[in-house]
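Working notes, structure below.
The values are calculated or read from the model by the stated rules, or taken from the named source; none is laboratory data. Since this is a predicted model, take the numbers as computed values, not measurements. Here Cβ is always computed from backbone atoms with ideal geometry, including for glycine, and neighbour counts include all displayed protein chains.
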Amino acid sequence: MTFTLSLAATEERAATIRAPQTDRPVPFIDLVPQFRAMSAEVMATVEKVFTEQKFILGDEVVGLEDEIATYCDARFAIGCNSGTDALIIALQALGIGEGDEVITSPFSFFATASSICRAGATPVFVDIDPESFNLDVQAIEEAITPHTKAIMPVHLFGQCCDMEPIFRLAQKYGLKIVEDACQAIGSEYQGRRAGVLGNVGCFSFFPTKNLGGAGDGGMMTTDDPELVGKLRRLRVHGDVGQYEHLDLGMNSRLDSLQAAVLRLKLRRLDEWTAARQHNAQRYGELFRQSGILDTIKLPKIQPERRHVFNQYCVRVLNGQRDHVMQQLKANQIGCAVYYPKPLHLQTCFKHLGYRPGQFPEAEAASRDILALPSYPELPVADQDRVASCLAQICHQSRAEQQIRRAA
Ligand SMILES: *Cc1c(COP(=O)(O)O)cnc(C)c1O
């Protein structure tokens, strides 16, 4: 991925902070080094798949399913075409559809809620916890109605939701749990991996996820032997063989090519996760040293978690996020907002009847959140440049505020 600088951004840069002209751009994410480090292996595996000419499902997919099941400590894993499809198929397999409600977070990627609608059910949002950005578990019970059939916690940015209260509610009200673990492969809650913290766990292999393929891909995990046949069937038109269709399924098969590449990458996932965790820890130290923790609130690892940092997101306090983002971009430093508009305020969900102000924490998070470059191969020099530039921006804007206040 390259970072192109717009004319407006160039002018802003000239008008504001003078970064040393020799500094090269810091991309938000760069997938090239990861490929470069394993290109011979990847190309050999691609060649093998082409030689065999078996492109859909097959041995590579079965192999990946076994390895993902082992990695997640799950009894079964079922490959499919995307994380979005994994969520839809999981809901369908659990019998959730028309007239049913599924409780989830308004602060997530769109597919969390759209999958519920695609399954024919209705998403019911509850606010988030401001510290973890995950579902506010205190708010869930109030949202339960006689139509509620499931809870879909999202392990946002790679950190597991607080699952214990969710287990209790699921038990008390007879609800299913579908984990949106699309950002959270390898993350843990009380020593258990994402993917086995509910009835079905859903993963994405979108190229920018921690385990990213060479295109779209997804996986479902479950411990339930009664569910596995249905999950498998629903990804192939509900077919049980001999063109006998038991359910109205989808075309959501995983490609052999994807599976073959993902199997190679899975072997390095723990190493990459460690690099992401190291980046996160180092950002924290650098921001502390530069004295900007009054403006930049660090992500907090919750108790009993393994956070895999699919994104490293800080909160920019005092309404400074857009200013900070614009200044970083003017200095050719990539950054991103996940997510600028909470799901309950999206146009396509207007009919659900939510209002601005209804979920203040999700709305505040949308205004404050900022993701910084933290991919596993991020060069130390690039991270240093992000940190020093951010420090400069924060100190300058603090100084400007003081002048304004004094005037
Ligand atoms: C990426 C993502 C998805 C969707 O995965 P795709 O493979 O892109 O369909 C769903 N939920 C969350 C939280 C995600 O980050």
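Determine if the stretch 98-109 includes at least one residue that is closer than 20 Å to Ser204 by Cα, modelled with pLDDT of 95 or more and in a helix (DSSP H, G or I). Among the residues of the stretch 98-109, not one is closer than 20 Å to Ser204 by Cα, modelled with pLDDT of 95 or more and in a helix (DSSP H, G or I), which makes the answer no. Close Cβ contacts (under 6 Å, 6 or more residues apart or on different chains) running from residues in the stretch 383-396 that are in contact (Cβ under 8 Å) with a residue 12 or more places away in the chain to residues that are surrounded by fewer than 18 Cβ atoms within 10 Å (Cβ to Cβ) and part of a helix (DSSP H, G or I) comprise Ala387/Leu286.
Residues in the stretch 205-236 that are of a type in the set (D, E, K, R), under 14 Å from Asp255 (Cα atoms) and more than 10 Å from the ligand (Cβ to nearest atom): Arg235 only. The single condition among (1) more than 16 Å from the ligand (Cβ to nearest atom); (2) closer than 21 Å to Phe359 by Cα; (3) not in a loop (DSSP other than H, G, I, E, B) that Thr145 does not satisfy is (3).
None of Gln258, Gln277, Gln242 is modelled with pLDDT under 95 and either assigned by TED's automatic domain parsing to the domain that holds Ser82 or closer than 30 Å to Tyr375 by Cα (or both) except Gln242. Listed by position, the helices (runs of 4 or more DSSP H) inside the stretch 314-407 whose residues that are at pLDDT 95 or above, more than 24 Å from the chain's Cα centre (by Cα) and more than 30 Å from Glu271 (Cα to Cα) number at least 2 are 321-330, 380-406. Annotation: of all residues in the stretch 342-383 being among the aromatic types (Phe, Trp, Tyr) and in contact with a strand residue (DSSP E or B) (Cβ under 9 Å, 6 or more places away or on another chain), the one that is surrounded by the fewest Cβ atoms within 10 Å (Cβ to Cβ) is Tyr354.
Return a yes/no flag: does the stretch 89-98 have any residue that is under 18 Å from Gly217 (Cβ atoms), over 17 Å from the mean Cα position of the chain (by Cα) and more than 16 Å from the ligand (Cβ to nearest atom). Show your work before the answer.
Filtering the stretch 89-98 down to residues under 18 Å from Gly217 (Cβ atoms) leaves 89-90.
Still in the list and also over 17 Å from the mean Cα position of the chain (by Cα): 89-90.
Retained after the next criterion (residues that are more than 16 Å from the ligand (Cβ to nearest atom)): none.
No, because not a single residue in the stretch 89-98 is under 18 Å from Gly217 (Cβ atoms), over 17 Å from the mean Cα position of the chain (by Cα) and more than 16 Å from the ligand (Cβ to nearest atom).
Comparison of Ala194, Ala184 shows that the only residue that is within 13 Å of the ligand (Cβ to nearest atom) and under 13 Å from Asn310 (Cα atoms) is Ala184.
For the stretch 43-91, give me each residue that is of a type in the set (Phe, Trp, Tyr) and either at pLDDT below 95 or part of a loop (DSSP other than H, G, I, E, B) (or both). Show your work before the answer.
Applying the first criterion (of a type in the set (Phe, Trp, Tyr)) to the stretch 43-91 yields 50, 55, 71, 76.
Once the filter is applied, which keeps residues that are of a type in the set (Phe, Trp, Tyr) and either at pLDDT below 95 or part of a loop (DSSP other than H, G, I, E, B) (or both), the stretch 43-91 yields only Phe55.
Out of the residues in the stretch 102-121 that are surrounded by fewer than 19 Cβ atoms within 10 Å (Cβ to Cβ) and farther than 21 Å from Glu361 by Cβ, state the one that is farthest from the ligand (Cβ to nearest atom).
Among residues in the stretch 102-121 that are surrounded by fewer than 19 Cβ atoms within 10 Å (Cβ to Cβ) and farther than 21 Å from Glu361 by Cβ, the one farthest from the ligand (Cβ to nearest atom) is Gly120.
Name the single residue, out of those in the stretch 196-223 being out of contact with any Leu (no Cβ under 9 Å at 6 or more places or on another chain) and over 13 Å from Asn81 (Cα atoms), that is surrounded by the fewest Cβ atoms within 10 Å (Cβ to Cβ). Among them, the one singled out is Asp223. For Phe157, the criteria (1) assigned to a loop (DSSP other than H, G, I, E, B); (2) farther than 18 Å from Ile103 by Cα; (3) not β-branched (Val, Ile, Thr) hold in every case but one, which is (1). Only residues that are part of a loop (DSSP other than H, G, I, E, B) and more than 13 Å from the ligand (Cβ to nearest atom) were counted across the stretch 122-142, and they come to 7.
Residues in the stretch 39-85 that are over 21 Å from Ser187 (Cα atoms) and basic (Lys, Arg) were compared, and the one that is farthest from the ligand (Cβ to nearest atom) is Lys48.
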